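Just so you know, all these numbers are worked out from the coordinates, no wet-lab data involved. Since we're looking at a predicted model, the values are computed, not measured. Cβ atoms come from the backbone with ideal geometry, glycine included; neighbour counts cover every protein chain shown.
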Amino acid sequence: MAVIEKGDNIGQSLVPVEAIAQAILMLRGQRVILDADLARLYGTTTKRLNEQVRRNAERFPLDFVFQLTEEETESLRSQIATSKGRGGRRYQPYAFTEHGALMAASVLNTPRAVEVSVYVVRAFIRLREILYSHADLAHKLDELERRVDRHDEEIGALIEAIRQLLAPPDSPNRKLGFRLKERRGRYYVNKRSTEA
């Protein structure tokens, strides 16, 4: 497991790439990391990170960073169970894509940010690989399900045909047409004509 050491001046423990991957969220169909999480990883404050992003706005197009809507923020707040009490943020957080996180490290230009940015990119890559393997597995499962469904239909039709053959007829066999009830006539055989 790859780990990064946080700077000595911060005095915090090791952070595994898996922990960085847990901070990556899926928003608007993209994998992103929120500004507060990125600032913590880069060893700076959220305020300083966002200041540098605003000062270098030309380096951060919308596919690198975007600000969350109130609904998105509220949804995230309810998912991670944070409070809305005092001392909270006064603006909506920013979400950085993989390229935006890398660009943020370059505008911060600290050794810590540069070092950690490599691990942040590795975390994004690991998530991409996991997503690809899950998509491949999902495709194979869909294919298997289609095969099984087709076989199930064929087996079901076969079982139904066998049941129909085994089922007793609905009504007794009746003869079609007219029935005439005739009395039996008596016929006599002349013994003399048979002797001659």
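Listed values, structure above:
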| read-out | value |
| --- | --- |
| Directionally averaged projected area (convex hull, Cα atoms, the range 89-164), nm² | 9.3 nm² |
| Area projected by the alpha carbon convex hull of the range 21-168, averaged over all directions, nm² | 13.7 nm² |
| Whole-number D in µm²/s for the range 18-59 (Stokes-Einstein; Kirkwood sum over Cα pairs; 4 °C, 1.567 mPa s) | 116 µm²/s |
| Modelled FRET efficiency - R0 25 Å, residue 63 with residue 129, Cβ distances, 0.05 increments | 0.75 |
| Computed label-point distance, nm, for sites residue 141 and residue 110 using a 7 Å Cα→Cβ extension | 4.2 nm |
| For 139, 99, order by how many other beta-carbon atoms lie within 10 Å, fewest first | 139, 99 |
| Ranked 62, 180, criterion: other C-beta atoms within 10 Å, fewest first | 180, 62 |
| For 33, 125, order by how many other beta-carbon atoms lie within 10 Å, fewest first | 125, 33 |
